[in-house]
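Colleague: I'd like to ask you about the structure that follows.
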């Protein structure tokens, strides 16, 4: 069976001008295949934006993304995901138990779980019913100070052992992404690698998709 990696886009950690960002986001989503968009407004040291700001951004961009077939997830906050009509939530190990997140977003919602570099945590998340597991960080990242560093062999092991999709995260750019795709990532979660791309976010989306096409198989 052929396998093609897909792009999992994460918002910038701070968005001073929501209207300007919305236009930039629409251009990026129109530039090529994007599987999902995670709304993550959080400082490098982990301080989240006020709920009001997350809600304001959500109201501006969720419908626009969903209209393009992009699933929208809220970082850490299944309650806000439910309030906004998002497709699901992404939770970390310190956020809340999977069962509580699932209850808040419902059986039809998406729940993804950060598993760092741990096979054990990933197996637990899969057994609990998570829709995907996320491994990382694979590279240094501008958006946070990661507690763990994952190796590409983890993606290969997961792909061989499990059918549940895996997401690679952490400092991913068009220049360093190929080994992660080749190792078995189903999705690449990217923030600065798109928003700070030298030729702009739309060109970054095109470049990632060209890479995914070239390595599909």
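The values are calculated or read from the model by the stated rules, or taken from the named source; none is laboratory data. These figures come from a predicted structure and were not determined experimentally. Here the Cβ is made from the backbone with ideal geometry for all residues, glycine too, and neighbour counts use every protein chain on show.
Colleague: Within the stretch 27-38, how many residues are under 11 Å from residue 65 (Cα atoms) and buried (at least 16 other Cβ atoms within 10 Å of the Cβ)?
Modeller: Residues in the stretch 27-38 being under 11 Å from residue 65 (Cα atoms) and buried (at least 16 other Cβ atoms within 10 Å of the Cβ): 7 in total.
Colleague: Ok, one more. Name the strands (runs of 3 or more DSSP E) wholly within the stretch 31-137 that hold at least 1 residues that are without any contact (Cβ under 8 Å) to a residue 24 or more places away in the chain?
Modeller: Ranges flagged: 88-91, 110-114.
Colleague: How about the stretch 78-104: which of its residues are touching a helix residue (DSSP H, G or I) at 6+ places or on another chain (Cβ under 7 Å) and surrounded by 24 or more Cβ atoms within 10 Å (Cβ to Cβ)?
Modeller: Those that are touching a helix residue (DSSP H, G or I) at 6+ places or on another chain (Cβ under 7 Å) and surrounded by 24 or more Cβ atoms within 10 Å (Cβ to Cβ): 78, 81, 86, 88, 89, 91, 101.
Colleague: Could you count how many residues in the stretch 39-56 are surrounded by 21 or more Cβ atoms within 10 Å (Cβ to Cβ) and either touching a strand residue (DSSP E or B) at 6+ places or on another chain (Cβ under 6 Å) or at pLDDT below 95 (or both)?
Modeller: So the answer is 2.
Colleague: Let me ask something else about it. Here is a list of conditions, (1) within 20 Å of residue 10 (Cβ to Cβ); (2) part of a helix (DSSP H, G or I); (3) touching a helix residue (DSSP H, G or I) at 6+ places or on another chain (Cβ under 6 Å), and residue 142 meets all of them except one; can you say which number that is?
Modeller: (2)
Colleague: Among the residues of the stretch 1-24, are any in contact with a strand residue (DSSP E or B) (Cβ under 9 Å, 6 or more places away or on another chain), over 24 Å from residue 114 (Cα atoms) and surrounded by 17 or more Cβ atoms within 10 Å (Cβ to Cβ)?
Modeller: No, the stretch 1-24 contains no residue that is in contact with a strand residue (DSSP E or B) (Cβ under 9 Å, 6 or more places away or on another chain), over 24 Å from residue 114 (Cα atoms) and surrounded by 17 or more Cβ atoms within 10 Å (Cβ to Cβ).
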